[in-house]
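Participant: Got a structure for you, questions after.
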């Protein structure tokens, strides 16, 4: 089974984020980067499927030169080889643009499965995997919690709302977006890190993106404010008003 896993490099979660001079993104000079956590779960699922059924796992990443460290991490964890689409300025591409780059690079590989994370930790659109499936004209399922390989098809478990799940059978080849927490993430071993140095990383230049369909207008820190609300009425009326606010405004009930 040949599996392609789309991974992305994003700012680490403990980075101090500040808007840049354009106010359309954050200052990148002092940031540290890591693999997008939802994509790490997609990679883990691909590696486990390979261990069960054999085959090959290919890491696919669109990003600038610095993304090579994230690619090497995927190789150290067990991916067999990688494809790096060099995009000096990823902000030029929206979800459709990135999905187009990925689809063009995947075409010659003809994989049985393409896995992506549910969404990215930086933009959080949750669209790339779905758009990729449409561009490749392949069966697709999102928010996948479990994958079972069958003869010529797969059976997946999807997470729905309110604790409900859905089981779907899809023909191969297919594209899946993987839910975070599907399995316990592995660490790269010392041997894996050494082997990663010799594994193939194919670099391809990104084609110029068309006019983005989504434009990020402004990035800013959330505004903090304090407000006091006095609840009037009898104790019972006050309790009812408080419960309504906790449910409808604060959304903790």
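Participant: I'd like the full set of residues that are in contact with a strand residue (DSSP E or B) (Cβ under 9 Å, 6 or more places away or on another chain) and assigned to a helix (DSSP H, G or I), limited to the stretch 104-132.
Facilitator: 104, 105, 106, 128, 129, 130, 132
Participant: Does residue 199 satisfy being assigned by TED's automatic domain parsing to the domain that holds residue 17 and over 22 Å from the mean Cα position of the chain (by Cα)?
Facilitator: yes
Participant: Quick check: is even one residue across the stretch 176-183 out of contact with any strand residue (DSSP E or B) (no Cβ under 9 Å at 6 or more places or on another chain) and in the same structural domain as residue 61 (by TED's automatic domain parsing)?
Facilitator: Yes - at least one qualifying residue is present in the stretch 176-183.
Participant: Now, a different point. Of (1) crowded, with 16+ Cβ neighbours inside 10 Å; (2) closer than 25 Å to residue 208 by Cβ, residue 21 satisfies all except one. Which?
Facilitator: (1)
The values are calculated or read from the model by the stated rules, or taken from the named source; none is laboratory data. Note that this is a predicted model, so its numbers are computed, not measured. Positions of Cβ are generated from backbone atoms using ideal geometry, with glycine treated the same way; all protein chains shown enter the neighbour counts.
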